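Structure incoming, see below.
The values are calculated or read from the model by the stated rules, or taken from the named source; none is laboratory data. Because the structure is a prediction, the values reported are computed rather than measured. Cβ placement follows ideal geometry from the backbone for every residue including glycine, while neighbour counts extend to all protein chains displayed. Ligands, DNA and RNA are stripped out before the accessible areas are found, and what is left, the full protein with its side chains, is counted by its heavy atoms. Shrake-Rupley method; radii C 1.70, N 1.55, O 1.52, S 1.80 Å.
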Amino acid sequence: MPETYVLILRLLLAGVLGGVIGAEREYRAKVAGMRTHLLVAIGAALMLIVSRYGFEGQGDPSRVAAQIVSGIGFIGAGAIMVQRRSVHGLTTAAGIWVSAGIGMAVASGLYAIGVAATVLCLIGLEVLGWFFRDRRKGAEAENQEEDSVSGSNRKE
């Protein structure tokens with residue numbers, strides 16, 4: 001078993017990495033921000049650490065990891081909203097799910113994987129978001145035109 005300070009540092013790193021993803025979501029004024037992502041990453045790391053080291057070799061930590069993955073889906077589902085023809089919060093829900101994975105990676109001592117996953121998430125959220133933002137605006141304008149045409153046809 002690693003020293004206690006190593007386990008605490010794992011929790012801290014998991015929180016920082018989850019918080020970084022959450023900060024991007026917070027900046028975009030999304031449903032779940034820094035605090036949520038930070039808590040999910042720390043919680044996932046804590047559960048994995050406890051399952052791996054807290055029971056003196058009894059049990060299978062991979063079972064807890066599998067339950068974390070499915071359990072986080074319920075939290076993510078709370079961030080998803082469907083309105084008319086659009087879905088909101090799907091990216092935030094995916095960010096919550098990835099934050100849990102990052103927490104589990106760091107708790108397992110896979111620090112480079114956790115950091116790399118965080119960097120890849122930020123690239124995906126920022127760079128790809130910037131790249132596709134103009135396409136989305138065009139599609140939204142097109143949908144509004146369709147709605148206004150459909151609305152005027154209904155009134156006639």
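Answer rounded, prolate or oblate for region 10-83, using the Cα gyration tensor with square roots of eigenvalues a ≥ b ≥ c: rounded when a/c is under 1.5, else prolate when a/b is larger than b/c, else oblate. Mind showing how you got there, number by number?
Details: a/c = 4.62, a/b = 1.70, b/c = 2.71.
Oblate is the answer for region 10-83, as a/c is 1.5 or above yet b/c matches or exceeds a/b.
May I pose another question? Could you work out how far apart the two model spin labels at Ala29 and Phe131 are, taking each label as a point 7 Å from the Cα in the direction of the beta carbon, and quote it in nm?
My value for the distance between the label points is 2.7 nm.
Of all the stretches in the chain, which is the longest one without any exposed loop site, taking trypsin sites (Lys or Arg not before Pro) in a DSSP loop (any state but H, G, I, E, B) with at most 14 other Cβ atoms within 10 Å?
Numbers: sites that count: Arg28, Arg84, Arg85.
That gives 86-156 as the longest site-free run.
Another question about this same structure. Loop only per DSSP, at most 11 neighbouring Cβ atoms within 10 Å: give me the GluC sites (Glu not before Pro) in region 1-96, ordered by residue number. If you can, show how the numbers build up before the last one.
Numbers: sites: Glu3, Glu24, Glu26, Glu56; in loops: Glu3, Glu56.
Within region 1-96, the qualifying GluC sites (Glu not before Pro) (loop, at most 11 other Cβ atoms within 10 Å) are Glu3, Glu56.
Only helical DSSP H runs with n ≥ 4 go in: add -39500 (n - 2.57) per run for the chain, normalise by residue count and round the 222 nm mean residue ellipticity to 500 deg cm²/dmol.
On the way: 6 runs with 119 residues, N = 156.
-26000 deg cm²/dmol, from helical runs alone.
Looking at the square roots a ≥ b ≥ c of the eigenvalues of the Cα gyration tensor of region 72-114, which shape do they give, rounded for a/c under 1.5, prolate if a/b is larger than b/c, or oblate?
Prolate, because a/c is 1.5 or more and a/b exceeds b/c.
Probe of 1.4 angstrom, ligands and nucleic acids ignored: what's the accessible area per residue over region 25-144, in square angstrom? Walk me through the numbers before you get to the answer.
On the way: 7800 Å² over 120 residues.
About 65 Å² of surface per residue is accessible.
Spelling out what I want: for every residue of region 102-111, take phi, set θ = phi - 60°, compute 6.51 cos²θ - 1.76 cosθ + 1.60 (Karplus), and round to whole Hz; glycine and proline get x.
Values, residue by residue: 5, x, 5, 4, 5, 4, 7, x, 8, 4 Hz.
Going highest first, how would you order 122-129, 40-47 by mean Cβ packing within 10 Å?
40-47, 122-129
A further question follows. For the chain, give the percent of accessible area contributed by carbon and sulfur heavy atoms, probe 1.4 Å, rounded to a whole number.
Values: 6480 of 10200 Å².
Carbon and sulfur: 64 percent of the exposed surface of the chain.
Which whole-number percent gives the relative contact order of region 1-136, counting Cα pairs below 8 Å spaced six or more residues apart?
Values: 184 pairs, mean separation 40.5, N = 136.
Value for region 1-136: 30 percent.
For Rg and Dmax of the Cα atoms in Å, pick the label among (1) 14.8, 43; (2) 19.7, 75; (3) 17.2, 58 that corresponds to the value derived from the coordinates.
Computed from the coordinates, Rg and Dmax of the Cα atoms in Å corresponds to (2).
Further question on the same structure: Calculate, in nm to one decimal, what Ala94 and Glu3 gain on full extension: separation in residues at 0.36 nm each, minus their alpha carbon distance.
That pair, Ala94 and Glu3, stretches by 29.5 nm at full extension.
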